[in-house]
Amino acid sequence: MNLFALTDVAGSRIIRFPLSADLRDDIATIFENQANAFFDGVDTIVPFDGRYIPEEGELLSINDFADVDGLSNAVASPLSIDQYDPEVHSLDSVKALFMGRIHNNNPQILIQLFERRRLIARSGLAMFFAGNQFQKMTDSGLSLDTKLLAVIEGDALKFQSFHFARRVFELSEYFKEATNEEVTTFAGHEKLAVANMADFLESAGPQVRKKISLIRQSAVLENYSVQDILAVATTFQFPINLSEDGRIEVPTNRTELRRLLRFLDEDYYESPLSRTRFISNSKRVAD
């Protein structure tokens, strides 16, 4: 097994670490154990849609994942990957460490997030204990994480935290914030009344843009009339104001705007037993 690093350097995106035989065995064991822990107790794989936060026993999965960084090719042809050279490569640029394995006859790529705090740099004074005394480190080094970030299995990327996965992979196409054009299109919807289009666009932050993207994805404004939306809002005692021409007024107040967007994204629901009303920050379609 070979240990690779995924970097943020365009010219040397992936590098291969030369390892001594005993270190290679130790690292392989660590990754193997972490992979077993990653899948331990998992009984549900949830297709990622940006709406759902996985619970214990669940993983998110992006199918048809585009391995544009070439992790699979590196594992399949390790000698084609540049070997780490401290005179050429910098450990400061490492974003993730990964190895490959065969599990149940299926190839897997095991990926760890690499953070700068795990870098042992030559700058300053670093020491290690050996031979009953501390000795000065003269070269750069790194330490491994205690868990896996993600696993690529076939053409699927499996992970638990989108927040951390996006620090390594470009995942905007799978869960993206609405662009300026999409925000403008949303604000100009025939069922919405926006007082000032320019102000709305300028004030639309990341959370607002994510909600707009999800609302556009669900097509709730296309599938339901203003009266349908108003009727449901009334049952939840959720205030919606209509303009003189019968459109839904989009609040200029940021808090009220977020509440309206959460309502349109169907974050409000009622318990079927107690009839208690809740607001959800995570959801997926029931089986």
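Amide H to amide H, with H built 1.01 Å from N, A96 comes under 5 Å of L6, F114, counting only residues 5 or more places away or on other chains. When only alpha carbons are used to place a centre, the stretch 155-230 and the stretch 23-38 end up 40 Å from one another. Calculated [222 nm] ellipticity per residue, helices only, for the chain: -8000 deg cm²/dmol; basis is -39500 (n - 2.57) per DSSP H run with n ≥ 4, divided by all residues, nearest 500.
DSSP bridge analysis restricted to the chain gives an antiparallel fraction near 85%, rounded to the nearest 5. Each of K95, K176, K211, K158 was scored by other Cβ atoms within 10 Å of its Cβ. Listed from fewest to most, they are K176, K95, K211, K158.
Scanning residues 5 or more positions from S161 or on other chains, none has an amide H under 5 Å from its amide H, with H placed 1.01 Å from N in the peptide plane. Our coupling estimate for the stretch 42-54, obtained by passing each phi through the Karplus curve with A = 6.51, B = -1.76, C = 1.60 and θ = phi - 60°, is 7, 10, 9, 9, 9, x, 6, 9, x, 9, 10, 9, x Hz, Gly and Pro reported as x. Taking a span of 20 Å or more along the helix axis (Cα atoms) and a mean Kyte-Doolittle hydropathy of at least -0.5 as the rule, the DSSP H helices of the chain that qualify are 21-39. Of M99, M1, the sequence from fewest to most neighbouring Cβ atoms within 10 angstrom is M1, M99.
In a simple Cβ point-charge model (Lys, Arg +1; Asp, Glu -1; nothing else charged), the chain has a dipole of about 720 debye relative to its Cα centre. Only one of the values (1) 18.3, 57; (2) 24.7, 83; (3) 21.0, 68 was calculated from this structure for Rg and Dmax of the Cα atoms in Å; name its label. Recomputing Rg and Dmax of the Cα atoms in Å here picks out (2). Sorted ascending by nearby beta carbons within 10 Å, beginning with the fewest, S274, S213, S90 become S274, S90, S213.
Computed from the coordinates by the stated procedures, all read-outs in this text should not be read as laboratory data. Just so we're clear, the structure is a prediction, and the values are computed from it rather than from any experiment. Positions of Cβ are generated from backbone atoms using ideal geometry, with glycine treated the same way; all protein chains shown enter the neighbour counts.
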